[in-house]
Amino acid sequence: MNWHALDWSILGLPLVAGLLVLATHVPLGAQVLDRGIVFIDLAVAQMAGLGVIVADALGFPDRGVAMQAAAVTAALGGAALLAWTERRAAQQQEALIGVSFVLAACAGILVLAGNPHGGEHLKDLLVGQILWVDGAQLGWLALVSALVLVGLRAGVTQRFGRFGFYGLFALAVTASVQLVGVYLVFSSLIIPALATRSFAVRRRPLAGYALGAAGFALGLVLSALFDLPSGAVIAWALAGCGFLAAALHGRRAER
Amino acid sequence: MAVVSQHKAFHYLYDWLGMKEVAVLEPKPGVEPSVSHLQQVLASLKTQPARMVIYAAYQDGRPSDWLQRNSGIATVRLPFTVGGSDGAKDLFGLFDDTIDRLTTATGTAK
């Protein structure tokens with residue numbers, strides 16, 4: 001264990017990135033769970049990542065506007081496709097989401113087949129590289145998160161129906177997946193929503209935010225102390241905090 | 001001249017030009033930098049400052065960019081081999097371009 005590694009000049013920006021991701025993912029996650037389409041985030045996140053991989057293969061400049069446009073286009077395209085399949089075949093929606101996730105992942109492998117750094121890119125897409133976030137990326141993430149939250153508040157998901165929800169979802173996930181990776185996008189969406197299921201409706205968002213923030217902070221601290229990859233440790237820490245919150249709440253409800 | 005390498009790959013270059021590697025961003029060759037290792041690099045730079053952090057053209061520049069933001073030293077992307085940059089079209093170009101990039105980063109005129 002290395003206590004000197006607890007350096008907030010290193011861990012500060014990644015923690016802010018995590019909190020910004022949680023800001024949109026906790027309320028969206030509750031809706032995902034209610035709609036019973038848990039794997040949609042894996043599918044849409046994977047499609048946004050596919051957009052980045054294709055843009056990279058086409059020689060677009062790394063982290064440029066064109067690359068972001070490609071990622072958003074791919075994610076929105078995926079969202080439109082899934083909104084359409086939900087209308088056409090609601091019964092099979094979960095299975096179709098699963099298939100589209102696998103196809104997007106396999107398309108990524110195919111595009112990267114001739115790229116010697118393909119393995120690194122694929123791993124980045126899954127566990128992200130939260131340590132390297134810079135101020136500019138956080139600024140963009142904050143902007144997109146604010147837009148998504150305003151959209152949720154303004155009732156876009158009710159007013160514009162399916163595509164309103166899927167579209168907002170695609171925007172939020174595109175912004176977050178490139179910083180924290182598919183696994184943390186999934187964990188931030190599902191774990192807080194799942195752990196707070198039995199909470200009173202009024203208290204659910206706050207409890208979700210609190211346990212999510214605790215998970216990110218604990219994960220970053222543990223990854224520093226034990227010198228382990230941050231993204232993977234944070235996913236485990238989120239699950240631990242979620243389990244604890246649900247267990248404590250369950251015991252109180254029994255009494 | 002003291003430098004940081006992202007990846008241990010420049011022994012001959014450092015030996016030739018009398019440069020000194022005071023830290024390496026990767027904890028082991030090929031292993032991605034972790035929080036605790038980055039903290040050690042930042043701490044060691046306080047006692048043993050370096051002029052620049054060097055990475056090869058075939059590597060992901062994000063760890064070096066991170067060090068630039070956190071310590072203020074320059075990043076230098078070296079072609080590493082022929083074809084690694086537009087200037088390194090042949091062996092002569094490789095040496096010229098490498099020296100060029102190093103001197104630009106140190107701000108010393110040739």
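The values are calculated or read from the model by the stated rules, or taken from the named source; none is laboratory data. In this text the structure is predicted, and so the values were computed from the model without any measurement. As a convention, Cβ positions derive from the backbone with ideal geometry for all residues, glycine included, and neighbour counts pool all protein chains shown.
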Reported set for region A:196-248 where residues are aromatic (Phe, Trp, Tyr) and either free of Cβ contacts under 8 Å to residues at least 12 places away in the same chain or within 14 Å of chain B (Cβ to nearest Cβ) (or both) is A:Phe216, A:Phe226
Selection count, region A:46-64, where residues are surrounded by fewer than 17 Cβ atoms within 10 Å (Cβ to Cβ) and among the aliphatic types (A, V, I, L, M) = 2
Mind listing whichever residues of region A:107-140 are within 17 Å of A:Val16 (Cα to Cα) and either in contact with a Ser or Thr (Cβ under 7 Å, 6 or more places away or on another chain) or charged (D, E, K, R) (or both)?
-> A:Ile130, A:Leu131, A:Asp134
Residue count, region A:131-155, condition surrounded by 15 or more Cβ atoms within 10 Å (Cβ to Cβ), farther than 21 Å from B:Asn70 by Cα and either modelled with pLDDT of 90 or more or in contact with a Leu (Cβ under 6 Å, 6 or more places away or on another chain) (or both), comes to 7
Test: residue in region B:31-46 that is in a loop (DSSP other than H, G, I, E, B), more than 14 Å from chain A (Cβ to nearest Cβ) and buried (at least 19 other Cβ atoms within 10 Å of the Cβ) = no
Given the conditions (1) away from chain A (no Cβ under 14 Å); (2) under 26 Å from A:Pro61 (Cα atoms); (3) surrounded by fewer than 18 Cβ atoms within 10 Å (Cβ to Cβ), report the number of the one that B:Arg69 does not fulfil.
-> (1)
Of A:Gly119, A:Gly59, A:Gly64, A:Gly128, the only residue that is over 20 Å from the mean Cα position of the chain (by Cα) and on the phi > 0 side of the Ramachandran plot is A:Gly59
Out of curiosity, is B:Val22 assigned to a strand (DSSP E or B), modelled with pLDDT of 90 or more, more than 14 Å from every other protein chain (Cβ to nearest Cβ) and within 22 Å of A:His4 (Cβ to Cβ)?
-> no
Determine if region A:65-75 includes at least one residue that is of a type outside the set (S, T, N, Q), touching a residue at least 40 places away in the same chain (Cβ under 8 Å), in a helix (DSSP H, G or I) and surrounded by fewer than 17 Cβ atoms within 10 Å (Cβ to Cβ).
-> no
Is there a residue being over 16 Å from A:Ala71 (Cβ atoms), out of contact with any helix residue (DSSP H, G or I) (no Cβ under 9 Å at 6 or more places or on another chain) and free of Cβ contacts under 8 Å to residues at least 24 places away in the same chain anywhere in region A:118-126?
-> yes
For region B:47-66, how many residues meet the condition of being more than 10 Å from chain A (Cβ to nearest Cβ), surrounded by fewer than 21 Cβ atoms within 10 Å (Cβ to Cβ) and either over 10 Å from the mean Cα position of the chain (by Cα) or part of a loop (DSSP other than H, G, I, E, B) (or both)?
-> 5
Taking the options A:Ala79, A:Ala30, A:Ala43, A:Ala5, name whichever one is more than 14 Å from chain B (Cβ to nearest Cβ) and surrounded by fewer than 24 Cβ atoms within 10 Å (Cβ to Cβ).
-> A:Ala30
Determine if region A:89-104 includes at least one residue that is within 19 Å of A:Thr174 (Cβ to Cβ), among the small types (Gly, Ala, Ser) and more than 19 Å from the chain's Cα centre (by Cα).
-> no
